[in-house]
Amino acid sequence: MGSRFPSHQLSNGLYVSGRPEQPKERTPTMSSVAMPYTGGDIKKSGELGKMFDIPVDNTRSRKSGPITNAPTRTGSFGGSGSAMVTGGSGRQKSHSGPLNRQGEPMKKSSGPQSGGSRQNSGPLPPVLPTTGLITSGPISSGPLNSSGVPRKVSGPLDSTGSVKLPSSALANNQAVTKLSQEDDFSFKKSLPKPILWSVILLFVMGFIAGGFILGAVHNAILLVVVVVIFAAVAALFIWNHCLGRRAIIGFIGRFPDAELRTANNGQYVKVSGVVTCGNVPLESSFQKVPRCVYTSTSLYEYRGWDSKAANSQHRRFSWGLRSLERHVVDFYISDFQSGLRALVKTGYGARMTPYVDESVIVDMNANNKDMSPEFLRWLRERNLSSDDRVMRLKEGYIKEGSTVSVMGVVQRNDNVLMIVPPSEPFSTGCQWARCILPGSLDGIILRCEDTSNVDVIPV
């Protein structure tokens, strides 16, 4: 039977007046924060303690991340009076991340955090230990890509990042020191000119006086004495001229090695150790030995009675220098005594005297000139004739990992240890037991034995 008043039936079967209430859609709960157990202590209740300026104990506060699809709770808890999410009524509070010690959301940063107090955007540069090495740029030289990794660039670089120069570019590179024959040891150059001219003047006067006495009183005693002294001095000069280089090498070998750790600034020292290439490694001219710090290639010719002279001072029946290619660059040496590494400044036109042994690579005459096509190609590249001449090619080098001895002055600059040329030549003094006159060591002294058959130390 119908009625004017609308009614509806409940789920238990009763009829009530009124229209059925439309069910409200419940707002989905996205997150909820688990409340800590306070035990009735207001100091541990969090927000309620802050409202009444009561110090809050944060040592036992627990942080909760986002909890999705969790059941909601209503009413007050722990006397805090803060309502949780209930259907569509009440306040809804959600967090998208962890909280700090004050219960506030932590701010996000776009880069890695350092120390938890300061955020920096972008990658952090690598922290490398201070080694005292001099490089051609900063720690991470070159442009960086978006990931903070050094961008690859194109160029003539070898596996270690050093600039590899072709042989044709050595002459115009300022980092490479080009040495000549005048940089070798010479007894005439080491002997002071005033002493030499004084000795010559004394002997001239002695010969004149001895000849005058011999002609006047017919007494040859003074002339004989002058001749004997002249012969002794001439023999001494010839001895030093022939054995002077060997005596200098012996002096270098007997000179005590210094320890770089205790060496003073400005002290003249000798350091022995292992060689490491710098930014500009060299390559030997004929054998093409890579990663060298010193290279020397010498071409000699033998002059007979009717042969051509190799140079303007070439005498007959002797070997004369026809071509010389000798280069040296800055390099590092690791001291055997202390293990420290020092930069040896031999490049950029520095004064330097090499005592490096060379080995014979090619011996060519008219009978076997076709036996070495590599040598003929090497001659053609330098516009040198290969006619019926007796030629000999010698080559010496110091490659990375070789053991050398360096003599120079210690210089410390901003924790960088260097060995530089001295301002004045260093005198060796007289070696009376060997009848050797004083010699001079000009610039940095570099001593190395023949390394063609010696195993190097890998570095």
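One line per residue, one yes/no per condition, for (1) small (G, A, S); (2) in a loop (DSSP other than H, G, I, E, B); (3) open to solvent by 60 Å² or more (accessible area, probe 1.4 Å); (4) closer than 30 Å to R380 by Cα:
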site	(1), (2), (3), (4)
V227	no, no, yes, no
F230	no, no, yes, no
V233	no, no, no, no
F237	no, no, no, no
I248	no, no, no, no
L260	no, yes, no, no
G273	yes, no, no, no
T276	no, no, no, no
Q287	no, yes, yes, yes
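Condition check ((1) open to solvent by 10 Å² or more (accessible area, probe 1.4 Å); (2) at pLDDT 90 or above; (3) over 30 Å from S307 (Cα atoms); (4) in contact with a Ser or Thr (Cβ under 8 Å, 6 or more places away or on another chain)) across all residues:
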site: V328; (1), (2), (3), (4): no, yes, yes, yes
site: R341; (1), (2), (3), (4): yes, yes, yes, yes
site: R351; (1), (2), (3), (4): yes, yes, yes, no
site: S359; (1), (2), (3), (4): yes, yes, no, yes
site: A366; (1), (2), (3), (4): yes, no, no, no
site: R382; (1), (2), (3), (4): yes, yes, no, yes
site: D388; (1), (2), (3), (4): yes, no, no, no
site: L393; (1), (2), (3), (4): no, yes, no, yes
site: T403; (1), (2), (3), (4): yes, yes, yes, yes
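Would you check which residues across region 437-447 are surrounded by 22 or more Cβ atoms within 10 Å (Cβ to Cβ) and modelled with pLDDT of 90 or more and list them?
Step one: filter region 437-447 for residues surrounded by 22 or more Cβ atoms within 10 Å (Cβ to Cβ), giving 439, 441, 444-446.
Result: L441, I444, I445, L446.
Could you check, for region 217-239, whether at least one of its residues is polar (S, T, N, Q) and touching a residue at least 24 places away in the same chain (Cβ under 8 Å)? So that I can check it myself, show each step before the final result.
Narrowing region 217-239 to residues polar (S, T, N, Q): 219.
Subsequent filtering for residues that are touching a residue at least 24 places away in the same chain (Cβ under 8 Å) retains none.
So far as region 217-239 goes, no, none of its residues is polar (S, T, N, Q) and touching a residue at least 24 places away in the same chain (Cβ under 8 Å).
Inspect all residues belonging to region 324-335 and state whether any of them is of a type outside the set (A, V, I, L, M, F, W, C) and in contact with a His (Cβ under 8 Å, 6 or more places away or on another chain). No, there is no match, as no residue in region 324-335 is of a type outside the set (A, V, I, L, M, F, W, C) and in contact with a His (Cβ under 8 Å, 6 or more places away or on another chain).
Only one residue in Y332, Y294, Y348 is closer than 19 Å to K394 by Cα, in the same structural domain as V274 (by the TED database) and aromatic (F, W, Y). Which one?
Numbers: Y332 fails: closer than 19 Å to K394 by Cα; Y348 fails: closer than 19 Å to K394 by Cα.
Exactly one of Y332, Y294, Y348 is closer than 19 Å to K394 by Cα, in the same structural domain as V274 (by the TED database) and aromatic (F, W, Y), namely Y294.
Scanning region 368-378 for residues that are exposed (fewer than 15 other Cβ atoms within 10 Å of the Cβ) and in contact (Cβ under 8 Å) with a residue 12 or more places away in the chain yields a total of 1. I'd like to know if region 207-228 contains one or more residues that are more than 50 Å from the chain's Cα centre (by Cα), under 18 Å from C430 (Cβ atoms), not basic (K, R) and not assigned by the TED database to the domain that holds L441. Checked region 207-228: no residue is more than 50 Å from the chain's Cα centre (by Cα), under 18 Å from C430 (Cβ atoms), not basic (K, R) and not assigned by the TED database to the domain that holds L441. Of the residues making up region 299-323, those that are assigned to a strand (DSSP E or B) and either open to solvent by 40 Å² or more (accessible area, probe 1.4 Å) or in contact with a Gly (Cβ under 7 Å, 6 or more places away or on another chain) (or both) number 6. Looking at region 185-206, which of the residues that are open to solvent by less than 40 Å² (accessible area, probe 1.4 Å) and not hydrophobic (A, V, I, L, M, F, W, C) is nearest to the chain's Cα centre (by Cα)? Checking each candidate, the answer is S190.
The values are calculated or read from the model by the stated rules, or taken from the named source; none is laboratory data. Everything numeric in this text was worked out from a predicted model, so none of it was measured. Reconstructed Cβ throughout: ideal geometry from the backbone, glycine too, with neighbour counts over all protein chains shown. Quick note on the areas: whole protein, heavy atoms, side chains included, nothing else; ligands and nucleic acids left out. Shrake-Rupley method; radii C 1.70, N 1.55, O 1.52, S 1.80 Å.
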